[in-house]
1. Considering every residue within region 54-61, establish whether at least one is within 19 Å of Glu2 (Cβ to Cβ), open to solvent by less than 40 Å² (accessible area, probe 1.4 Å) and not in a helix (DSSP H, G or I).
2. Scan region 48-72 and report the pairs whose first residue is among the β-branched types (Val, Ile, Thr) and whose second residue is assigned to a loop (DSSP other than H, G, I, E, B) and surrounded by 10 or more Cβ atoms within 10 Å (Cβ to Cβ), with Cβ atoms within less than 6 Å and a gap of 6+ or a chain change.
3. Of all the residues that make up region 62-72, how many are in a loop (DSSP other than H, G, I, E, B) and in contact with a helix residue (DSSP H, G or I) (Cβ under 9 Å, 6 or more places away or on another chain)?
4. Can you list residue pairs whose Cβ atoms sit under 9 Å apart, with the first residue in region 1-25 being of a type in the set (Gly, Ala, Ser) and the second being part of a loop (DSSP other than H, G, I, E, B) and surrounded by 10 or more Cβ atoms within 10 Å (Cβ to Cβ)? Count only pairs 6 or more apart in sequence or on different chains.
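The values are calculated or read from the model by the stated rules, or taken from the named source; none is laboratory data. Quick caveat, the model's predicted, so the values are computed rather than measured. Using ideal geometry, Cβ is built from the backbone for each residue, glycine included, and neighbour counts are taken over all protein chains shown. The protein model used for the area step is the full one, side chains on, heavy atoms only, and it has no ligands, DNA or RNA in it. Shrake-Rupley method; radii C 1.70, N 1.55, O 1.52, S 1.80 Å.
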Amino acid sequence: MENIEDIERKIIEIVTEQYKKDGGSNGVTFDSFSEFLKLDFKERNEFLYRMAKEKKIYIFQSLNSPRITLPK
């Protein structure tokens, strides 16, 4: 596995690109990161929620599923 900083940088890069497109109103799904994280469901979610706790990303509940955007 790559080091944590590189992984977090990739996640923030994906979220930032989507943020530029929609102004933060839609965000991205948790599944957007499964391809390069290569973690099981539980570990992936724990990793993303840890990043949210550190205020690197913001997780919100959309109509159908939790989504991730940049903190405001």
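1. Scanning region 54-61 turns up at least one residue that is within 19 Å of Glu2 (Cβ to Cβ), open to solvent by less than 40 Å² (accessible area, probe 1.4 Å) and not in a helix (DSSP H, G or I).
2. Partner pairs satisfying both residue conditions: Ile68/Gly27; Ile68/Ile57; Thr69/Gly24; Thr69/Gly27.
3. Residues that pass the stated criteria total 3.
4. Short answer, once both residue conditions are applied: Gly24/Leu70.
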